[in-house]
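The values are calculated or read from the model by the stated rules, or taken from the named source; none is laboratory data. Just so it is clear, the model here is predicted, and its values are computed rather than measured. As a convention, Cβ positions derive from the backbone with ideal geometry for all residues, glycine included, and neighbour counts pool all protein chains shown. Note: areas computed on protein heavy atoms with side chains; ligands, DNA, RNA excluded. Shrake-Rupley method; radii C 1.70, N 1.55, O 1.52, S 1.80 Å.
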Amino acid sequence: MSKQDLFEEIDGERDWLTDVSEQLWENPEVALQEHDSAALLRDALREEGFTVESGVAGIDTAFVARYGDDDPVVGTMGEFDALPGMSQAAKAEREPIEAGEPGHGCGHNLFGTGSLAGAIAVKRAIERGDAEGSVVYLGTPAEEVGAGKTYMIRDGAFDDVDAVVSWHPDWINAPNKGSCLAVDSFDVAFTGETAHAAKSPEAGRSALDGVQLLGTGIEYMREHVADAVRIHYVVTDGGQAANVVPEEAAMEVMVRAPTASRSRPSPSACATPPRARR
Ligand SMILES: [Zn+2]
């Protein structure tokens, strides 16, 4: 059987695969809450004859589906989580179905389903004796927060996989090569002293000031990082009411760079005293 025959066979499955993608789109679930989405993909894989292991790496929605016992083991990954606040009708113009609710802004409904189709194609080739080895579908949750694969790798889910072919929805249909940036993400919490902001502001110490000063410091720091470094943040807790000096405030920060070590300040660089002015 030629590769072209296999393409055509998978094209013949278009209706139900489109239905899977639409079900994921219509029921967008954010990171680590993708229970229905993971179940939908797991059920489709089981029905096709894959053996499915759920709850991989202690994550309810992480799974590995496998077909075959032989080497080599070729894998593909499926992502299926949505983004907060991206509720959107299936059209090109911005039109939330329910403003503020989650939605598939990154196309993970297609990601999960396209990988499903790919895994099925390889499985059928193995089943017919047109290919040797095994195929695994690694269901990687929480990728919008960059969390799923990390724990699955740490737990050994990729250990016996010889190669993984992956992809991501985009506006072109083409192979590319390149690497992603390493990311460190962390939360910073500040604690202050609350007070009534109008009656006794002098008694307060605003935790939000700490958050704002950190943000300002980061902006100054941008001048002194390498080109490829990305630093971004959101205020996750800025207080409850403007007339109350916030006792607590928090910020989520992400730092990205080509390698993990470059996303962290070098201790030697920090320890170097400033040069004397000439
Ligand atoms: Zn994505």
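Residues in segment 129-145 that are assigned to a strand (DSSP E or B) and more than 16 Å from the ligand (Cβ to nearest atom): S134, V135, V136, Y137.
Out of D227, D184, one residue alone is within 21 Å of R256 (Cβ to Cβ), acidic (D, E), touching a helix residue (DSSP H, G or I) at 6+ places or on another chain (Cβ under 7 Å) and modelled with pLDDT under 95. It is D184. Those residues that are in a strand (DSSP E or B) and within 16 Å of the ligand (Cβ to nearest atom), I need them from segment 62-89; list them, please. Answer for segment 62-89, where residues must be in a strand (DSSP E or B) and within 16 Å of the ligand (Cβ to nearest atom): T76, M77, G78, A82, L83. Condition test on I218, is it among the hydrophobic types (A, V, I, L, M, F, W, C), over 19 Å from E248 (Cβ atoms), in the same structural domain as A241 (by TED's automatic domain parsing) and more than 15 Å from the ligand (Cβ to nearest atom)? Answer is yes for this residue. The number of residues in segment 114-128 that are within 16 Å of the ligand (Cβ to nearest atom) and either in a strand (DSSP E or B) or at pLDDT below 95 (or both) comes to 0. If the condition is being open to solvent by 20 Å² or more (accessible area, probe 1.4 Å), closer than 17 Å to S54 by Cβ and within 16 Å of the ligand (Cβ to nearest atom), then segment 148-161 contributes only K149.
To keep it simple, each residue is scored yes or no on (1) open to solvent by 30 Å² or more (accessible area, probe 1.4 Å); (2) at pLDDT below 95; (3) of a type in the set (F, W, Y).
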| residue | (1), (2), (3) |
| --- | --- |
| N27 | yes, no, no |
| L32 | yes, yes, no |
| D36 | yes, no, no |
| R66 | yes, no, no |
| V74 | yes, no, no |
| F111 | no, no, yes |
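Among the residues of segment 181-201, those identified as of a type in the set (G, A, S) and in a loop (DSSP other than H, G, I, E, B) are G192, A195, A197, A198, S200.
Please go through segment 90-113 and give me each residue that is within 16 Å of the ligand (Cβ to nearest atom) and touching a residue at least 60 places away in the same chain (Cβ under 8 Å), ordered by number. Step through it out loud before you land on a result.
So in segment 90-113, the residues within 16 Å of the ligand (Cβ to nearest atom) come out as 102-113.
Once the filter is applied, which keeps residues that are within 16 Å of the ligand (Cβ to nearest atom) and touching a residue at least 60 places away in the same chain (Cβ under 8 Å), segment 90-113 yields P102, G103, H104, C106, G107, H108, N109, L110, G112, T113.
Just a yes or no: is a residue in segment 7-16 farther than 16 Å from A121 by Cβ, touching a helix residue (DSSP H, G or I) at 6+ places or on another chain (Cβ under 9 Å), assigned by TED's automatic domain parsing to the domain that holds Y137 and open to solvent by 30 Å² or more (accessible area, probe 1.4 Å)? No, segment 7-16 contains no residue that is farther than 16 Å from A121 by Cβ, touching a helix residue (DSSP H, G or I) at 6+ places or on another chain (Cβ under 9 Å), assigned by TED's automatic domain parsing to the domain that holds Y137 and open to solvent by 30 Å² or more (accessible area, probe 1.4 Å). Scanning segment 210-234 for residues that are open to solvent by 80 Å² or more (accessible area, probe 1.4 Å) and in contact (Cβ under 8 Å) with a residue 24 or more places away in the chain returns a single hit, R230.
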